[in-house]
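The values are calculated or read from the model by the stated rules, or taken from the named source; none is laboratory data. Not measured: the values here are computed from a predicted model. Cβ: placed from backbone, ideal geometry, glycine included. Neighbour counts: every protein chain shown.
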Amino acid sequence: MAVEYFEAHNFFLQKGGSLPVARLAYRTSGTLSPTGDNAVLIPSWFSGNDEASETYLTGTGRALDPEKYFLIFTNLLGGGRSSSPSNSPAPSEQGRFPTVTYYDNVRLQHALLTQRLGVEHLRLVTGWSMGACQAYQWAAQYPGMVRSAVPIAGSARTASYNKIFLLALRRALTLDPVYADGFYASPPIRGLKAFAAIYAGWGTSEPFFRLGHYERFGAKNHAEFLEYFWEPFYLGHDANNLLTQLKTWELGDISDSPAYDGDYTKALAAITAKLITVPIDKDRYFPPEDAEFAASHIPNGRCATVESTWGHMAPMDPNLKETFDALFHEALS
C-alpha cells in the first residue's frame, strides 16, 4: 500500500510551540482482524522510513507476516516524510521547525490508530534504534493499549555517553558555514560528509572493521565503506531534518511526562506489557547495561542480548533474521 497521511491540526508540542498541521506519514500492510487483536506498530528509526522498517523487520513467512498481522509503519516527525523542516510551510520551515519529542510522536501515532485506523489495542510495538525508543515510549505512555513490546537496539532513556555522540553529529552540521543557522540555500555538503564520517565509526563495531565485514557493502577497506555507503546515504538527507531527529533522540526519556514527573523507575514499573528488550552486545549507542537495568524494573520485562559484530546495525545482518523472529514469536505468544 502507498504512503498515506494523517493530519492533526493545531498540534501542541511537549517542549513548547506547535505545528499548525502535523502530518504523519504512514503505511499499512495486512488487514485488521474482526476482533482487532492483530495490530502491530513499527515506528521508523533515525534517518529511516516505513520502507526500511518493512524490509528489515517483516515479510511473508517471517514472524511479522502481513498475511497474519495488520502491520502499521509510521515515520518520525522530522524524518522527511512526516512533518519536517524540509517540507513544512511557514512558520515551521527550515530552521524554524520546533523541537519534537518521542512523546509528541507517540501522541500523534495514537491519534492515527484510534481516530482513523480503528485500532484500540496493539498486539505488539517494535522497532529498531529510535523505533525501539518509541516502543518503550508507547509502553509507558499508553500502558493499557500495548500487549507486548520488543525494542531492538534502543533505550527508554538516552544516556549521557550517547549524548556526546549526538553532540558531535550536531556540531559537524552546524559548524559548516553553509548551514547558515538552518536557513541554507544549498546543502551543507562538508557538514554532511563530516556527519557521515562520525557515524561510520559508531554504526557498527571495531570487529566489523577488523574482520572486513564492510566487504558485504562492496568496499575493499574502511575508506571505501565510508565513500560507498555512509556518505551517499547522508548526502541524501536534509541537514535540518537530521538535526530535528537528533534532538528527539537526545531528549528521549519515558519518564519525562506529567504521569511520571521524571521518575524513571516509576515509569518503567508502570509498563504492563510483556516487554523483551533486545540490545546488541557491541552497540556503541545503546549498551546492554542500560537495557538490563530497564528490564529489571519492568514487571514483565526481559533482556535478550544479541551478539553481533554489526553492532547497532545488527538488524541489517541477514544472518540474524531467525534470531529476531524468534524473539517476536516469544513476545506474540
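Considering segment 197-279, the qualifying helices (runs of 4 or more DSSP H), each wholly inside and each with 3 or more residues that are surrounded by fewer than 19 Cβ atoms within 10 Å (Cβ to Cβ), run over 206-210, 222-225, 231-235, 264-269. Remark: pairs (first residue in segment 77-97, farther than 19 Å from Leu173 by Cα; second residue surrounded by fewer than 19 Cβ atoms within 10 Å (Cβ to Cβ) and modelled with pLDDT of 95 or more; Cβ separation under 7 Å; 6+ apart in sequence or on different chains) = Arg81/Val3. In the set (1) assigned to a helix (DSSP H, G or I); (2) within 16 Å of Val278 (Cβ to Cβ), Gly127 fails one condition alone, (1). Condition check: within 25 Å of Phe195 (Cβ to Cβ) and either part of a helix (DSSP H, G or I) or touching a Ser or Thr at 6+ places or on another chain (Cβ under 7 Å) (or both). Does Leu173 satisfy that? Criteria met by Leu173. Do you know which residues across segment 245-292 are under 24 Å from Met313 (Cβ atoms) and basic (Lys, Arg)? Across segment 245-292, the qualifying residues are Lys247, Lys282, Arg284.
What about Pro34, is it without any contact (Cβ under 8 Å) to a residue 24 or more places away in the chain and over 25 Å from Gly252 (Cα atoms)? So Pro34 fits the description; yes.
A residue that is over 21 Å from Pro143 (Cα atoms) and assigned to a loop (DSSP other than H, G, I, E, B) occurs somewhere in segment 288-306.
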